[in-house]
Structures are given as C-alpha cells and as structure tokens.
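So the structure is just underneath, and the comments pick up after that.
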Amino acid sequence: MQDNVERDAAAEQGASGAIRHGIFEVGHAPSELVPAADGPAPIEGRLRKAPLRVPDNYEECSGFTLFGRRIRTLLYSTDVAAIRNSNADAIFAVYPFTAQPAITQALLTVAEAPLFVGVGGGTTTGRRAAELAAVSEMQGAAGVVLNSPATPEMVAQVASTVDIPVIATITRFDNEAAEKIQSGARVINVAAGRQTPEVIAELRAAFPALPIIATGGRDDETAAATIAAGANALIWAPPSVVELQRDMMVRYREKAEAAAEAAGEEPPVATVVPDITDITDMPVADVPTGVVESVSPEVEKTEQIGEEDFVSPFRGRLPILPLFGRKRG
C-alpha cells in the first residue's frame, strides 16, 4: 500500500520536481527558478504593465504605514500618463504653481496609489492653504504637502483643519523644523540637496519615530546613503514622457531598419524639394502641372476691386428703419 502511494506521488511530481495540486506548483526542484523570490508569480496584463518601475534599491527602505498601507516609494510627478503606469507605492504631486482643486481632481482620477498633493506654503499661505487642504481631503487625497517657507503657525492651522497627514518640507534641521513637527506635521520631507543625508541623520537622532521621506538622488550611491541616514521612503523622479517617447521611436526605427536590411531592401531615395525663397515657411504641395492655373501678379492686381469700383446697393440712400415704441406725428 505504501509503495503505491509513493509511486502516485512520484508520478504527480513529474520530471520537473514540482508537486502539483490543482493548477499551482507548491514545490520546486533545487535547480528550478521560482516565479518570484518572495511569493507567487506577479500578475500583469497582456497589454497593460507598469513600464515606470522605481529603482530596485528603493525597496530597501523600511517604509511607514499610512492608513494600513506600507509606503516605501513615492513617484514625483503630475503627469497623468506617468502616474497611471507606475508601480510606486504613492504619488508625490507637488508642482511650482498655485494649488488648484481641478488639478488635484484630475490626478486623483488616474491615480491608483495614495496621492500626496501640494497645497501651498510659499505663495499660497494662511487660510487659503488650509481651505485647499480641506478640499483636497474631501476629494480623496491621502495627504497634503506644505513647501519649506510654510511657518509652524501655518502647519498648525492646516493640521487642525484636516484629518489626513500634513507633510512639511524642510531644507535644514533647526528650531523651526522642530516647531513644525510639534505643530502637527506627521511626515517630514527633507529637501536639502547634497546635504540631505546629513539633515536626515540629525532629524532621526532627534525624532526616532518620525516618518521621513526624501529624494533618492541621481544614482544608487546617493539613494543608499539617504536610506542609511534614516529615510523611511524615497521619492523617485521618473524620466519625462518626451524622453520615453523619443527612446521608443529610436527602437522602432532601429527595428524597421534591421528588418529592411534582413529582407535585402535598398534604402529609400530622399525626394529633393526645390527651394522657394518667397514662401519658405509654406508647405510645397505635390500638384501635377496644369491642374492649378497660376495667375501673374500683374493680372491679379488689375482684377482687384478698388474703392472707386464699389457701388452701394442703396445708391447713396440709407434704408428707412421702422420706429419701435414711437408714433409718427
């Protein structure tokens, strides 16, 4: 009986060494590659994927929890196409213009991840920034961002208005930065340029449990230094859509040229368009000779109607308009 059970298990396991129950493999041979190192195979559509993937080393961040969701990476963009096609954990939508609810609504329409939206701090201050934060919360934003010029009083005003976290931006760690945290800033965005790791280290030493985010820099070494300094999540600025489109067209052209070369086709001969100095900015139409009758400038000038040739249909008399509301005497 035991021999039969072992034979059945061996037959079910098959040559690949994977035990199959249903349609999923629950075991693998030592030499077989698993679909994913940390779990099941990733699920993506046949056409729809996430072409904008954050750098792999960004996943080394410890992250912070926002409404039960773990945030390790943030996409710094307001481009709806980039936002829709990114695998970042959240969206960092800050732009150098006055905050407008219409822009927030457009970004929320396409975003599938929590959206942190800027509401002021520099040009927009005081009550208006607090009202914009309230509107953003009602629209569905996951958090609001205040720029570095925002005062601790402004942070307190916004924090007392909304129930979503307020992210305060700082450029250095000083007494004002500490006052912003004490005034209600739940997350700190460090934007100190090359001194970002140093500022993060000072901030982490003073506030061990404070969520800190910062940009990952231009290379992996900068991102690693920022993470080592104590950043919980990194902000990634993706390439622009123009750059992505240009790279895609380069690939398409190279593919077309390779296919034509493999088929033995000769390169096309470029059509030479004669130079027309009079209308250099106008497109030249490929019209056969004789289809369009050209008129010389002299004839065209003589055929134009002048003021002396114009005859009024009223022959010098204006029409008599009816008088409304008045009786004739």
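Points worth noting:
- Strands (runs of 3 or more DSSP E) within segment 1-88 that include 3 or more residues surrounded by 14 or more Cβ atoms within 10 Å (Cβ to Cβ) and at pLDDT 75 or above: 73-76
- Whichever residue in segment 166-195 is under 15 Å from T151 (Cα atoms) and polar (S, T, N, Q) and, among such residues, is surrounded by the fewest Cβ atoms within 10 Å (Cβ to Cβ): N175
- Annotation for segment 197-209: no member residue is of a type in the set (G, A, S) and under 29 Å from the mean Cα position of the chain (by Cα).
- Options A177, A228, A201: the member that is modelled with pLDDT of 90 or more, among the hydrophobic types (A, V, I, L, M, F, W, C) and within 26 Å of R53 (Cβ to Cβ): A228
- Residue within segment 237-253 that is in contact with a Phe, Trp or Tyr (Cβ under 6 Å, 6 or more places away or on another chain), among the small types (G, A, S) and in contact (Cβ under 8 Å) with a residue 60 or more places away in the chain present: yes
- Residue satisfying condition, being within 24 Å of A224 (Cα to Cα) and surrounded by fewer than 17 Cβ atoms within 10 Å (Cβ to Cβ), within set E131, E198: E198
- Cβ-Cβ distances below 8 Å connect the following pairs, each with a first residue in segment 139-157 that is at positive phi, a second residue that is at pLDDT 95 or above and assigned to a helix (DSSP H, G or I), and a separation of six or more residues or different chains: G140/L108.
For every residue, the table says whether it meets (1) modelled with pLDDT of 95 or more; (2) outside any strand (DSSP E or B); (3) in the same structural domain as P197 (by TED's automatic domain parsing).
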| residue | (1), (2), (3) |
| --- | --- |
| V119 | no, no, yes |
| T123 | no, yes, yes |
| A130 | no, yes, yes |
| V135 | yes, yes, yes |
| A141 | yes, yes, yes |
| I167 | yes, no, yes |
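- Criterion applied to L74, L66 was being in contact with a Phe, Trp or Tyr (Cβ under 6 Å, 6 or more places away or on another chain) and under 14 Å from G143 (Cα atoms), and the one residue passing it is L74.
- Scan of segment 201-225 for residues that are assigned to a helix (DSSP H, G or I), touching a Leu at 6+ places or on another chain (Cβ under 8 Å) and surrounded by fewer than 20 Cβ atoms within 10 Å (Cβ to Cβ), ordered by number: R204
- Condition check for P165 on (1) touching a Lys or Arg at 6+ places or on another chain (Cβ under 7 Å); (2) farther than 20 Å from A237 by Cβ; (3) without any contact (Cβ under 8 Å) to a residue 60 or more places away in the chain: one failure, at (3).
The values are calculated or read from the model by the stated rules, or taken from the named source; none is laboratory data. Being a predicted model, the structure only gives us computed values, none of them experimental. Quick reminder, even Gly has a Cβ in these numbers, built from the backbone with ideal geometry, and neighbours come from all protein chains shown.
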